[in-house]
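**Student:** Before anything else, here's the structure in question.
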Amino acid sequence: MHHARRTTASLAAAVAAGTLAVAGCAGPGTAAADDSVVLDYWLWDANQLPAYQRCADEFERQNPDLQVRISQYGWGDYWRKLTAGFVAGAGPDVFTDHLTQYPGFAERGLLLDLNTLEATADTDYAEFQEGLSDLWVGQDGAQYGMPKDFDTVALFYDTNVIAEAGLSPEDLEGLDWNPEDGGSFEELIAHLTVDENGVRGDEEGFDPDNVAVYGLASNGSGGTAGQTTWSWLAGATGWKFTDADVWGTEYQFDDPRVQDSLAWLFGLVEKGYMAPYEEVGTEPNPQQALGSGRAAISANGSWMLGTYANLEGVDLGIASLPSGPVGHPVSMYNGLADSISAQSPDPEEAARWVEFLGSDDCQRLVGEAGVVLPARPAGTEAAIEAFGERGLDVSVFTDMVEKQQTMFHPVTEEYGAIDAVMTPIMDEIYIGDRDVSTLTEVNEQINGLLE
Amino acid sequence: MSAPSVPRERVRRRRDDTRLALAFILPATIGLVVFYFWPLLRGIWLSFTSWDLLSPAQFVGLENYRAMVADPVFWNAVRVTLLYVVINIGLQTVVALVIAVLMQRLSRSTLLRSLVLAPYLVSNVVAALVFLWILDFQLGIGNQVLEWIGLERIGFFTSEAWAIPTIAVVNVWRHMGYTALLIFAGLQAIPPTTYEAARVDGASEVRTFFGITLPLLRPILGLVLIISVIGSFQVFDSVAVTTNGGPVDASRVLQLYIYDKAFAQFDFGYASALSVAMLLILVVVTFFQYRVTRAGQTDLN
């Protein structure tokens, strides 16, 4: 989730990655003048900073001997800064961690096992939303992260656009999809597509080369995980990324089910129902497409709720993903967690902060901010309520988890290298220069990286 | 036998000079060793290792180089970089030469010279991002204009065929003033008398250009080419902020691939091997350029 986006600022800082180590010289866990331990905590989402600052304030009130210093860096800088911090021994004590990154850190012994620290040893992981903590158990059985939030995917739309098409929000419920003819989901997308002459995609004389409104917003090719782009299509066929829920040793891109799903999705370009690669480029912006009326429906993750809700002139509606050949919809289920750096000079103190981050107290505070869906049910409830106050029914996102209609984000070794191979290939498929069947060879190549 | 006092003094003075010279050279030498030679040697050493920054480097011999020779992305990066350099330098040199000659023959206004240099004052990243918006497929004014005059929209940064030419031209726009100024300085060194002689002989403006300006400009032009070709091979920032190597691998230039390998995949050993390969390419290219343009010699004698 939280796709890597390069901004000018992040890039400029990234270029200077070599010097970043110097920037963090203050060092973690520096004892303050009054002998209280200062813990450095890093996160990347600016929207969540106020909520976590409230958590930190509450934590400091309960623990006068500890201080928490929060730093926020944009996604692009975050990982380079973190790596530079590890190299220089000047990283944070505790940091927000991502599934695509933590296997590499764990492998190099840079993370502490939460089970070995006093404050977090007795954590009951069953109290979190189902399955979330499993994502953070390493191959060695160690717990490398305390679940903090979760996300699923759903369809965002503008109620006004749906009404113009002579439909009501009810028409978006109970849709079905299959990779052969796209089912009622494709019919809907076709109907919502309008060409320059006002002809709809399912009407006679529709011109797929001059489209004014695309039925489905493009979010790019999706790379290896296709979190918001194609994972929910392929997942609804019963396909799984790897041979195991976590720590799979073989990817399964040679499966015709994923290949057919990709062929269907990117085949929408030729039909005129989705924007071509040429239009969206490497920085797709589906929320902008929805906001400007360029696209009618946009599949995106729950972490984007705030952004979509703030679109001007859009009367936001949220619908469930279409159900697939397995008989129900399938969303990717992913979550972030807090990890403790093995370099922290105060691991036991860091564990107390992590324990608090994973408590009802903190997660309720985060939930009340209405930005993300916290990992503990009490926090989730608070978030549902906070979103509800803004007129947003987020039950679509939470229902998927309750009904277990989810699949995990892939967690394997060598994810960075695999993603570097897969992303250009997925782009090529989107552009239309590569046949999906070639993924069979690609699959062999990436599985070779895992050996 | 007493030696004459004059030579002794001379000897002493020479000894003093050496010390002084060493003192003057020292700071630059330290800088050169610490910031150039040491990183260079370390980079070459790292290219024989497998190193992910976080665990100790392991010696792997020629493994990285073997992988590189078999790596299609590397060869694609070489091809893409060469394509970029050819378009960028070819266009830039011609445009800059024309500007410089016009500046010399038509107007010597300082204001005009400053204006020509203006794009160079814009940072690479800003220039690239401004053009990214101007040439955006959907929203860019560039594509709006194309549509108004009845042409098809073009995915300047988002189609494989256009990505490299677009970035190359954007960088021509940014660098042409600077290059023109360098060439202009070379033109100033040509004695006006040769032009007077040409005029007396009744040579046309074109004949003068090819008969006098170009041959006498050769050493300067050679040096300008060498500098700008090296700079061109190292293109990175304008690619990173616009296409990030895409679509697919269409603009994955060498520097970007090195950066990806090092800072996105933490494969510093392989990235170092790629850097060494790039260094070798530059050494060869520069050597031939120097020989071909005879940049070290002048015809002005």
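**Student:** Taking the residues in the stretch A:122-165 that are assigned to a helix (DSSP H, G or I) and free of Cβ contacts under 8 Å to residues at least 12 places away in the same chain as candidates, determine which candidate is nearest to A:P410 (Cα to Cα). Break it down stepwise before answering.
**Tutor:** Within the stretch A:122-165, the subset assigned to a helix (DSSP H, G or I) is A:125-127, A:132-136, A:159-164.
Then drop every residue that is not free of Cβ contacts under 8 Å to residues at least 12 places away in the same chain, which leaves A:126, A:163-164.
Working: A:A126: 21, A:A163: 38, A:E164: 39 Å.
Across the stretch A:122-165, the extreme among qualifying residues is A:A126.
**Student:** Which residues, taken from the stretch B:225-246, are at the interface with chain A (Cβ under 7 Å from one of its Cβ atoms) and either touching a strand residue (DSSP E or B) at 6+ places or on another chain (Cβ under 7 Å) or hydrophobic (A, V, I, L, M, F, W, C) (or both)?
**Tutor:** Of everything in the stretch B:225-246, those that are at the interface with chain A (Cβ under 7 Å from one of its Cβ atoms) and either touching a strand residue (DSSP E or B) at 6+ places or on another chain (Cβ under 7 Å) or hydrophobic (A, V, I, L, M, F, W, C) (or both) turn out to be B:A240, B:V241.
**Student:** Which of the numbered conditions does B:L139 fail, given that it passes all the others? Conditions: (1) within 13 Å of another protein chain (Cβ to nearest Cβ); (2) assigned to a helix (DSSP H, G or I); (3) more than 20 Å from B:I230 (Cα to Cα).
**Tutor:** Here B:L139 clears every test but (2).
**Student:** Regarding the stretch B:207-219, can at least one residue be identified that is in a loop (DSSP other than H, G, I, E, B) and either under 29 Å from B:S107 (Cα atoms) or not aromatic (F, W, Y) (or both)? Show your work before the answer.
**Tutor:** First, pick out the residues of the stretch B:207-219 that are in a loop (DSSP other than H, G, I, E, B): none.
No, there is no match, as no residue in the stretch B:207-219 is in a loop (DSSP other than H, G, I, E, B) and either under 29 Å from B:S107 (Cα atoms) or not aromatic (F, W, Y) (or both).
**Student:** If you don't mind, another one. What number of residues within the stretch B:144-173 are under 28 Å from B:I99 (Cα atoms) and open to solvent by less than 20 Å² (accessible area, probe 1.4 Å)?
**Tutor:** Selection size over the stretch B:144-173: 9.
**Student:** Only one of B:A240, B:A189, B:A198, B:A262 is small (G, A, S), modelled with pLDDT of 90 or more and assigned by TED's automatic domain parsing to the domain that holds B:D136. Can you tell me which? Working first, answer last.
**Tutor:** Values: B:A189 fails: modelled with pLDDT of 90 or more; B:A198 fails: modelled with pLDDT of 90 or more; B:A262 fails: modelled with pLDDT of 90 or more.
None of the others qualify; the one that does is B:A240.
**Student:** Tell me which of these B:P219 doesn't satisfy, since it passes every other one: (1) out of contact with any Ser or Thr (no Cβ under 6 Å at 6 or more places or on another chain); (2) open to solvent by less than 30 Å² (accessible area, probe 1.4 Å).
**Tutor:** (1)
**Student:** What number of residues in the stretch B:266-291 are within 11 Å of chain A (Cβ to nearest Cβ), assigned to a helix (DSSP H, G or I) and not hydrophobic (A, V, I, L, M, F, W, C)? Steps first, answer last, please.
**Tutor:** Within the stretch B:266-291, the first condition is being within 11 Å of chain A (Cβ to nearest Cβ), and the residues that meet it are B:266-268, B:270.
Those left that are additionally assigned to a helix (DSSP H, G or I): B:268, B:270.
Next, only the ones that are not hydrophobic (A, V, I, L, M, F, W, C) stay: B:270.
The qualifying residues number 1.
**Student:** Just one of (1) over 29 Å from the mean Cα position of the chain (by Cα); (2) more than 14 Å from chain A (Cβ to nearest Cβ) trips up B:L54, so point out which.
**Tutor:** (2)
**Student:** Tally up the residues in the stretch B:247-265 that are assigned to a loop (DSSP other than H, G, I, E, B) and more than 7 Å from chain A (Cβ to nearest Cβ), please.
**Tutor:** Our first condition is that a residue be assigned to a loop (DSSP other than H, G, I, E, B); within the stretch B:247-265, this holds for B:247-253, B:265.
Going one step further and asking which of them are more than 7 Å from chain A (Cβ to nearest Cβ), we end up with B:250-253.
Residues that pass the stated criteria total 4.
**Student:** For the stretch A:225-292, list the helices (runs of 4 or more DSSP H) that sit wholly inside it and hold at least 1 residues that are in contact (Cβ under 8 Å) with a residue 40 or more places away in the chain and within 27 Å of A:Q139 (Cβ to Cβ); which are they?
**Tutor:** Ranges flagged: A:231-235, A:256-271.
Every residue, every condition in (1) within 25 Å of the chain's Cα centre (by Cα); (2) open to solvent by 70 Å² or more (accessible area, probe 1.4 Å); (3) under 20 Å from B:V206 (Cα atoms), yes or no:
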site: B:A100; (1), (2), (3): yes, no, yes
site: B:Q104; (1), (2), (3): yes, no, yes
site: B:S114; (1), (2), (3): yes, no, no
site: B:P119; (1), (2), (3): yes, no, no
site: B:I134; (1), (2), (3): no, no, no
site: B:F137; (1), (2), (3): no, no, no
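**Student:** Here are some conditions: (1) more than 24 Å from B:G246 (Cβ to Cβ); (2) out of contact with any strand residue (DSSP E or B) (no Cβ under 8 Å at 6 or more places or on another chain). A:M426 meets all but one. Which one does it not meet?
**Tutor:** Unmet condition: (1).
For every residue, the table says whether it meets (1) within 27 Å of B:A180 (Cβ to Cβ); (2) crowded, with 20+ Cβ neighbours inside 10 Å; (3) polar (S, T, N, Q).
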site	(1), (2), (3)
B:V224	yes, yes, no
B:F236	yes, no, no
B:V248	no, yes, no
B:L256	no, yes, no
B:D267	no, yes, no
B:F288	yes, no, no
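**Student:** Can A:D209 be described as surrounded by fewer than 24 Cβ atoms within 10 Å (Cβ to Cβ), touching a strand residue (DSSP E or B) at 6+ places or on another chain (Cβ under 9 Å) and part of a loop (DSSP other than H, G, I, E, B)? Break it down stepwise before answering.
**Tutor:** Values: surrounded by fewer than 24 Cβ atoms within 10 Å (Cβ to Cβ): yes; touching a strand residue (DSSP E or B) at 6+ places or on another chain (Cβ under 9 Å): yes; part of a loop (DSSP other than H, G, I, E, B): yes.
Spelling it out, A:D209 is indeed surrounded by fewer than 24 Cβ atoms within 10 Å (Cβ to Cβ), touching a strand residue (DSSP E or B) at 6+ places or on another chain (Cβ under 9 Å) and part of a loop (DSSP other than H, G, I, E, B).
**Student:** Among the candidates B:N88, B:N124, which residue alone is within 12 Å of another protein chain (Cβ to nearest Cβ), within 22 Å of the chain's Cα centre (by Cα) and open to solvent by less than 40 Å² (accessible area, probe 1.4 Å)? Steps first, please.
**Tutor:** Numbers: B:N88 fails: within 12 Å of another protein chain (Cβ to nearest Cβ).
Among B:N88, B:N124, only B:N124 is within 12 Å of another protein chain (Cβ to nearest Cβ), within 22 Å of the chain's Cα centre (by Cα) and open to solvent by less than 40 Å² (accessible area, probe 1.4 Å).
**Student:** For the stretch A:240-261, give me the residue count where each residue is surrounded by fewer than 24 Cβ atoms within 10 Å (Cβ to Cβ) and under 17 Å from A:D176 (Cα atoms).
**Tutor:** Number of matching residues: 2.
**Student:** Okay, next question. Starting from the stretch A:359-370, take each residue that is part of a loop (DSSP other than H, G, I, E, B) and list its partners that are of a type outside the set (A, V, I, L, M, F, W, C), counting only C-beta distances under 8 angstrom and pairs at least six apart or across chains.
**Tutor:** Final answer for the pair search is A:S359/A:R376; A:A369/A:Q48; A:A369/A:P50; A:A369/A:R54; A:G370/A:G306; A:G370/A:E389; A:G370/A:R390.
**Student:** For the structure I just gave you, tell me whether A:T123 is farther than 30 Å from A:G235 by Cα and surrounded by fewer than 24 Cβ atoms within 10 Å (Cβ to Cβ). Can you show your working first?
**Tutor:** On the way: farther than 30 Å from A:G235 by Cα: yes; surrounded by fewer than 24 Cβ atoms within 10 Å (Cβ to Cβ): yes.
In short, yes.
**Student:** If a residue counts only when it is within 14 Å of chain B (Cβ to nearest Cβ), at pLDDT 90 or above and surrounded by fewer than 18 Cβ atoms within 10 Å (Cβ to Cβ), which helices (runs of 4 or more DSSP H) contained entirely in the stretch A:379-451 have at least 3 such residues? Walk me through how you get there before you give the answer.
**Tutor:** Values: elements: A:395-402, A:415-431, A:439-450.
Per the criteria, A:439-450.
**Student:** Keeping to the stretch B:152-182, report how many residues are acidic (D, E) and touching a residue at least 60 places away in the same chain (Cβ under 8 Å).
**Tutor:** So in the stretch B:152-182, the residues acidic (D, E) come out as B:152, B:160.
Filter again for touching a residue at least 60 places away in the same chain (Cβ under 8 Å), leaving B:160.
The qualifying residues number 1.
**Student:** Considering each of B:V85, B:V60, B:V80, B:V94 in turn, give the residue that is hydrophobic (A, V, I, L, M, F, W, C) and within 30 Å of A:Q343 (Cα to Cα). Quick ask: steps written out before the conclusion?
**Tutor:** On the way: B:V85 fails: within 30 Å of A:Q343 (Cα to Cα); B:V80 fails: within 30 Å of A:Q343 (Cα to Cα); B:V94 fails: within 30 Å of A:Q343 (Cα to Cα).
It is B:V60.
**Student:** Let me ask another. So A:Q67 fits all but one of (1) under 18 Å from A:D149 (Cβ atoms); (2) assigned to a strand (DSSP E or B); what number is the exception?
**Tutor:** It is condition (1) that A:Q67 fails.
**Student:** Follow-up question, since we're still on this one. Is it the case, given these coordinates, that A:V372 is in the same structural domain as A:D122 (by TED's automatic domain parsing), open to solvent by less than 40 Å² (accessible area, probe 1.4 Å), within 19 Å of A:N300 (Cβ to Cβ) and touching a strand residue (DSSP E or B) at 6+ places or on another chain (Cβ under 8 Å)? Give the derivation first.
**Tutor:** Values: in the same structural domain as A:D122 (by TED's automatic domain parsing): yes; open to solvent by less than 40 Å² (accessible area, probe 1.4 Å): yes; within 19 Å of A:N300 (Cβ to Cβ): yes; touching a strand residue (DSSP E or B) at 6+ places or on another chain (Cβ under 8 Å): yes.
Spelling it out, A:V372 is indeed in the same structural domain as A:D122 (by TED's automatic domain parsing), open to solvent by less than 40 Å² (accessible area, probe 1.4 Å), within 19 Å of A:N300 (Cβ to Cβ) and touching a strand residue (DSSP E or B) at 6+ places or on another chain (Cβ under 8 Å).
**Student:** Out of B:I167, B:I190, I need the residue that is more than 30 Å from B:I212 (Cβ to Cβ) and either within 14 Å of chain A (Cβ to nearest Cβ) or outside any helix (DSSP H, G or I) (or both). Which one? Reasoning before the result, please.
**Tutor:** Values: B:I190 fails: more than 30 Å from B:I212 (Cβ to Cβ).
Selected residue: B:I167, the only one of B:I167, B:I190 that is more than 30 Å from B:I212 (Cβ to Cβ) and either within 14 Å of chain A (Cβ to nearest Cβ) or outside any helix (DSSP H, G or I) (or both).
The values are calculated or read from the model by the stated rules, or taken from the named source; none is laboratory data. Keep in mind the model is a prediction, meaning the values are calculated, not measured. Glycine gets a Cβ as well: all are built from the backbone with ideal geometry, and neighbour counts include every protein chain shown. To get the accessible areas, we keep the full protein, side chains included, count just its heavy atoms, and leave off ligands, DNA and RNA. Shrake-Rupley method; radii C 1.70, N 1.55, O 1.52, S 1.80 Å.
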